[in-house]
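Undergrad: Have a look at the structure that comes next, please.
The values are calculated or read from the model by the stated rules, or taken from the named source; none is laboratory data. Here the structure is a predicted model, which is why all the values come from computation and not from measurement. All Cβ positions, glycine included, derive from the backbone under ideal geometry; neighbour counts span all protein chains shown.
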């Protein structure tokens, strides 16, 4: 009985301590949210990035503009240091506006359809590629077909994003393989080109680009994304005339690598300057529009951590480091450069948070860490962030860029905003500033800053005594 | 010790029972969400409502169109019964497009600014009202001024919605008093008209209308909303020329009451047909645009409960009744008519859920019920709905329409979607179909249907044995 009473007493003390901490923290976090919403400064920075460095694909002059302009904002917002970290990046250029047609004498059809080259694809010959079409609905279907039917053809990968999947990033994960790997698969069977249904949530009229891959052992064939609307049209036409021809012409190419930069800014820790919390988004964007959600929002979310800490006079005990990664979209060279450097910097990375899922209202964060840390974060941080709608830490995984720190950093996490609208704009011409709501953007910045605040104050669940350093 | 062991055992059994129920329910609820997202039917119904019955203010022919068209959808979706419930509604008409000007010889200014009459306001004389302007920032400030300075003037209520408030409905509640009551207050001091800053989240160029009130003991004076942008302009001009004049002209008027209808549809309960769960939104909308978020979304959310139950073969044990209320915006006559009828219908209303906060991604539901029921709903329903992002039952209150059932219904609740964008469009010309994202809309429908499913299955926490009827 005594033991049980003691246990009760202990739990009681523990819970009152946690509750007290949550009250104090919720006041500070409320200030972070209110300040972000009231000042709206991140939205102005996003405007600058989108309107002055819109098509900032790696290796482009606009990517340099983005580096320079965001450095200015970080200095203006009071970062203790701002520096540029060199990295060599791929230099893929789109060339002229792509063209494509569905051609069928049976259907009296000679219709232009919207396509765009997939990132890193080779271009077509000068007069394009014209061939018959084989339609499949995802990777792995070609092996069931007669190889003779594929040879010399264009393979049309028409697998849709499943609309019934609630968390749209899961639907994306389900579908994106055909964008990345289809040119390799189709080439193995002797196809001459690949047309891939855009990975998009809706039937719309514009193609969504994105990275594709080649393998040095297989002949490279050109690959384009087709708008979902045109994909439906092509599929319908194929049902009526399986011998129709598809023609497309691209002039994209990969030029020699170019010197580029990550932008790095920090507030030095007052107590443990050698312990680092990284927060980052990627500075490059596809050349389709303005990269507002992907990943202007993440850039702004990250930079605002410094602004909000400075405005509110929060003096972190650890070093808070913002890293704006170059080249996430087609190489992650910036992330690799940072990770290599970090491994030799003599610092201790305690957490790395990434925002690369759009400027929508935050719901929570993913976690890639030990079970003990998940329990720690979920029981300790989730309640206070939940009041602000950002306390969902239930999903695993994270970190296209910060994932490279996994070896040296025991807690990797992604901001997880509401995902319903993301794939309307992802890698497409509609990813523009006007599609970002300032309040939703600022809520995301506040959520990231609040998580960083808690990590700085309480550690990552494995510091010092193994239970956080409260 | 024995007692404690017994308690542990009891808690154990209880929790395993709850966990099992949650597993079964989460499968059913996953089907509800997937079906809503896949079928997208609600979005088509919303299109019909917005594009064929856009400016469906109470008493208008378009309000009748809305009644008829939504009845057709409810029949198509398989409601057991669909009927129209009569109610007399106010018939306020806007008249000609409103005009307004800021006039200052000092500032060489004679500038048109966007205004609109507030709902239920009287109009101005035929040549408008022209007078000097007194600016205040909310209700109650006039009493501190010299009454002689107010007499014969136009009072300009320029209190902004506080941007730092996270849940925007709280900011709205903080501000909307000056829209509703300012004409009464200003008239008491001898003012001749009222100009009210639009209750809106942003600085934008269009006025946001909404209801205002009069009191029979005080002279009625005309009242208009001015766009937030023009409110800033007027305020700036007043700082430079406090003697400037404001002119506005409206021709709105209130005609005799008109016969209108609530649309009521239901699935009869298989086991307890006399026990009713009401779910509703309001069918009328302001005459500024299409009432897509306010409250086309709520209409669709409610109607889809029937569709989703029918498609998925869910046979409720209680009667599920959809009520599309007429006249929420300027009188709540539909809600009153339903409540009066319900009090004499001999039924038992066990819950009433309203959706009137837009077609944005759902976060949860408000609760207006006993503490014991809140505990019941939060502990039993919240975990399973949280997986779908709709498990936040932390807020109190609810029910502009279903609130009239409070006397006879022990659980009142509002769907609480993400609130960041709502007051961009509320009562303004931008509240159009195109501003609704279909996935966000359907997620809301699924959340409402899921809550209804749980209430039907487990009761409202005070049924039969007092702890739900599981």
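Undergrad: Report, by residue number, each residue of region A:58-86 that is in contact with a strand residue (DSSP E or B) (Cβ under 7 Å, 6 or more places away or on another chain) and either outside any helix (DSSP H, G or I) or within 14 Å of chain B (Cβ to nearest Cβ) (or both).
TA: Scanning region A:58-86 gives A:58, A:59, A:79, A:80, A:81, A:82, A:83, A:84, A:85, A:86.
Undergrad: Also, I was wondering about something else. Would region A:4-26 turn up any residue that is in contact with a helix residue (DSSP H, G or I) (Cβ under 7 Å, 6 or more places away or on another chain), at pLDDT 50 or above, in a loop (DSSP other than H, G, I, E, B) and within 14 Å of residue A:446 (Cβ to Cβ)?
TA: So far as region A:4-26 goes, no, none of its residues is in contact with a helix residue (DSSP H, G or I) (Cβ under 7 Å, 6 or more places away or on another chain), at pLDDT 50 or above, in a loop (DSSP other than H, G, I, E, B) and within 14 Å of residue A:446 (Cβ to Cβ).
Undergrad: Taking residue B:284 as the residue in question, decide whether it is assigned to a loop (DSSP other than H, G, I, E, B), in contact with a helix residue (DSSP H, G or I) (Cβ under 9 Å, 6 or more places away or on another chain), under 30 Å from residue B:460 (Cβ atoms) and in contact (Cβ under 8 Å) with a residue 60 or more places away in the chain.
TA: Yes.
Undergrad: While we're here: Would you check if there is a residue in region A:312-327 being touching a residue at least 24 places away in the same chain (Cβ under 8 Å), touching a helix residue (DSSP H, G or I) at 6+ places or on another chain (Cβ under 8 Å) and within 14 Å of chain B (Cβ to nearest Cβ)?
TA: yes
Undergrad: A further question follows. Is it true that residue A:179 is outside the structural domain of residue A:58 (by TED's automatic domain parsing), touching a residue at least 12 places away in the same chain (Cβ under 8 Å) and surrounded by 24 or more Cβ atoms within 10 Å (Cβ to Cβ)?
TA: In short, yes.
Conditions (1) crowded, with 22+ Cβ neighbours inside 10 Å; (2) over 12 Å from the mean Cα position of the chain (by Cα); (3) not in a strand (DSSP E or B), marked per residue:
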position: B:263; (1), (2), (3): yes, yes, no
position: B:269; (1), (2), (3): no, yes, yes
position: B:308; (1), (2), (3): yes, yes, yes
position: B:314; (1), (2), (3): no, yes, yes
position: B:334; (1), (2), (3): yes, yes, yes
position: B:337; (1), (2), (3): yes, yes, yes
position: B:349; (1), (2), (3): yes, yes, no
position: B:363; (1), (2), (3): yes, yes, no
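Undergrad: Looking only at region A:287-301, count every residue that is closer than 25 Å to residue A:92 by Cβ and outside any loop (DSSP other than H, G, I, E, B) and tell me the total.
TA: The number of residues fulfilling the criteria is 8.
Here's the yes/no breakdown for (1) within 16 Å of residue B:420 (Cα to Cα); (2) at pLDDT 95 or above; (3) surrounded by 24 or more Cβ atoms within 10 Å (Cβ to Cβ):
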{"residue": "A:388", "(1), (2), (3)": "yes, no, no"}
{"residue": "A:399", "(1), (2), (3)": "no, no, no"}
{"residue": "A:410", "(1), (2), (3)": "no, yes, no"}
{"residue": "A:415", "(1), (2), (3)": "no, yes, yes"}
{"residue": "A:420", "(1), (2), (3)": "yes, yes, yes"}
{"residue": "A:470", "(1), (2), (3)": "no, no, no"}
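Undergrad: Scan A:41, A:111 and give me the residue that is touching a helix residue (DSSP H, G or I) at 6+ places or on another chain (Cβ under 8 Å), within 14 Å of chain B (Cβ to nearest Cβ) and either in contact (Cβ under 8 Å) with a residue 24 or more places away in the chain or under 26 Å from residue A:248 (Cβ atoms) (or both).
TA: Just one listed residue meets the conditions, A:41.
Undergrad: Moving on. Show me the helices (runs of 4 or more DSSP H) entirely contained within region A:372-470 in which 1 or more residues are within 14 Å of chain B (Cβ to nearest Cβ) and either without any contact (Cβ under 8 Å) to a residue 12 or more places away in the chain or touching a strand residue (DSSP E or B) at 6+ places or on another chain (Cβ under 8 Å) (or both). I'd like the intermediate steps shown before the answer.
TA: Details: elements: A:382-386, A:422-425, A:438-458.
Qualifying helices (runs of 4 or more DSSP H): A:382-386, A:438-458.
Undergrad: Being within 17 Å of the chain's Cα centre (by Cα), within 14 Å of chain A (Cβ to nearest Cβ) and assigned to a loop (DSSP other than H, G, I, E, B) is the filter here, so list the residues in region B:154-210 that pass it.
TA: Listed by number, the residues that qualify are B:167, B:200, B:201.
Undergrad: Another question, then. If a residue counts only when it is farther than 27 Å from residue B:60 by Cα and modelled with pLDDT of 95 or more, which strands (runs of 3 or more DSSP E) contained entirely in region B:89-128 have at least 1 such residues?
TA: On the way: elements: B:99-104, B:109-112, B:115-117.
The qualifying strands (runs of 3 or more DSSP E) are B:99-104, B:109-112.
Residue by residue, here is whether (1) surrounded by 18 or more Cβ atoms within 10 Å (Cβ to Cβ); (2) without any contact (Cβ under 8 Å) to a residue 40 or more places away in the chain holds:
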| residue | (1), (2) |
| --- | --- |
| A:148 | no, yes |
| A:160 | yes, no |
| A:167 | no, no |
| A:187 | yes, yes |
| A:201 | yes, no |
| A:205 | no, no |
| A:237 | yes, no |
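Undergrad: Name every residue in region A:97-122 that is closer than 24 Å to residue A:181 by Cα and surrounded by fewer than 15 Cβ atoms within 10 Å (Cβ to Cβ), in order of residue number.
TA: Correct list: A:97 only.
Undergrad: Against the condition within 22 Å of the chain's Cα centre (by Cα) and surrounded by fewer than 19 Cβ atoms within 10 Å (Cβ to Cβ), how does residue A:394 come out, does it pass?
TA: Yes: the conditions hold for residue A:394.
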